1. Does residue 137 satisfy the criteria of being part of a helix (DSSP H, G or I), within 30 Å of residue 272 (Cα to Cα) and at pLDDT 90 or above?
2. Please specify each residue of the stretch 33-71 satisfying the condition of being free of Cβ contacts under 8 Å to residues at least 24 places away in the same chain and among the hydroxyl-bearing types (Ser, Thr, Tyr).
3. All but one of (1) within 26 Å of residue 248 (Cα to Cα); (2) part of a helix (DSSP H, G or I) hold for residue 92; state the number of the condition that does not hold.
4. Against the condition modelled with pLDDT under 95 and not in a helix (DSSP H, G or I), how does residue 38 come out, does it pass?
5. Quick check, is residue 271 crowded, with 19+ Cβ neighbours inside 10 Å and touching a residue at least 24 places away in the same chain (Cβ under 8 Å)?
6. Please verify whether residue 90 is in contact with a Leu (Cβ under 9 Å, 6 or more places away or on another chain), surrounded by fewer than 24 Cβ atoms within 10 Å (Cβ to Cβ) and not acidic (Asp, Glu), treating the condition exactly as stated.
7. Can you tell me which residue within the stretch 132-159, out of those that are under 20 Å from the mean Cα position of the chain (by Cα) and farther than 17 Å from residue 252 by Cβ, is surrounded by the fewest Cβ atoms within 10 Å (Cβ to Cβ)?
Amino acid sequence: MSSSRRIIGFINIAHFIDHYSMLIFPAALIAMTPAFGLSYGEFLPYATPGFIAFGAGSLVSGWLGDRWSRRGMMLVYYFGIGLALLACGLAQTPLHAGAGLLLVGTFASIYHPVGGSMLAAHAQKLGKTLGLNGIFGNFGVAFSALVTGVLCDYLGWQAAFIVPGALSIAVGLGFLIWVGDVSSPKPKGAKKTGGMGSIPGISIRRIFTVLLLTAIGSSVAFNAITVALPQLFAERLETLAADPSLLGLVAAAVYLCGAVAQYTIGGMIDRFGVRAVFVPLSCVLAPMLALSSVFGGWVLILSMAGAAIAIFGQVVVNDAMVGRYVADEFRGRVYAVRYFVGFGMAGAAVAMVGYLHDHGGFGLTFQVLAGLACLIILAGLILPRERVQEAVPLVAE
């Protein structure tokens, strides 16, 4: 296996761990609330600082990755998130759990700006590589719901944190042993761009505007959906409410719809360009969320599957936008700003879900999300066009 392929393999595993770890608490909450004597709405806000740190920490992580060491930051990521999950599993009070979740969010913030930069630097076909990476991330989302439900059923909620924490540390040891230099492979004669943009004539300011609008609509929807889905299905699919394992399986199936779609969307980006994929995809999310605000049963499951395809597909599109339009030497910092805004909104999304659920149920919650999703359509319309042949960056393996 070549060096670049080995690096991409570990970065894909890290993406799985990242999303899996951030969504253990929402899935375990059903088992944790009786143990701690709090309601769903009362306990959920304890995760808010961790989701805020998930976004805010990316600014420091991206800067350190560009200026210090991307490899060093990934080692901090693997071992840090593993130890933080162990701390969550040993929590005795809601405050202790919140402190552990804050550490999880802080270390999890390393992955996207640092891992995303490494991925873009070592990819031969950016769209397909990001699509495959997205599948790993969404497998993390899906299996978090499924495995957490099983672990809570058979070993208790503590094991839902301790088992993945130990596995993250084990993967970190593998990364330490088998991955050395992670610097970007450059074609012979390659030079620095001298600016942030990698495509002449496209304004970085315009790209930032698109990223900002997408962050508000897409990131809030992504985090609200992934946090709310287990409880949404527990309330609307009454036959599943008494069986956490089956509930986790249905939630996992919905997430996997988005995961599988990401690889196809990545290939379409390589073939047609970012904007040609972004615009039609942006028109799917709002209607799916509107349907989910009203219906239950199979209509709810199918509409949430459609929303998962749209929202997880946007993740690939947004990463491809930065990877395609921004020069490598600045990419970590631009990813950092993107994820600072996006995951910073995640903290607001968690608090918003708890508030709206307590005041109007999931009907009101998903109506608000559908309105915010309309911002993604606006972002797609102002995204600059690109020539199709520019959609595949020439990066040496």
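1. The answer is no for residue 137.
2. Across the stretch 33-71, the qualifying residues are 33, 39, 69.
3. Answer for residue 92: the failing condition is (2).
4. Against the criterion (modelled with pLDDT under 95 and not in a helix (DSSP H, G or I)), residue 38 qualifies.
5. no
6. In short, no.
7. Filtering first and then ranking leaves 132.
Here is a yes/no grid of residues against (1) within 18 Å of residue 350 (Cβ to Cβ); (2) assigned to a helix (DSSP H, G or I); (3) at pLDDT below 95:
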residue: 66; (1), (2), (3): no, yes, yes
residue: 73; (1), (2), (3): no, yes, no
residue: 77; (1), (2), (3): no, yes, no
residue: 80; (1), (2), (3): no, yes, no
residue: 83; (1), (2), (3): no, yes, no
residue: 88; (1), (2), (3): yes, yes, no
residue: 100; (1), (2), (3): yes, yes, no
residue: 104; (1), (2), (3): yes, yes, no
residue: 112; (1), (2), (3): yes, yes, yes
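The values are calculated or read from the model by the stated rules, or taken from the named source; none is laboratory data. Everything numeric in this text was worked out from a predicted model, so none of it was measured. When we count neighbours, we look across all protein chains shown, and the Cβ atoms used for this are built from the backbone with ideal geometry, even at glycine.
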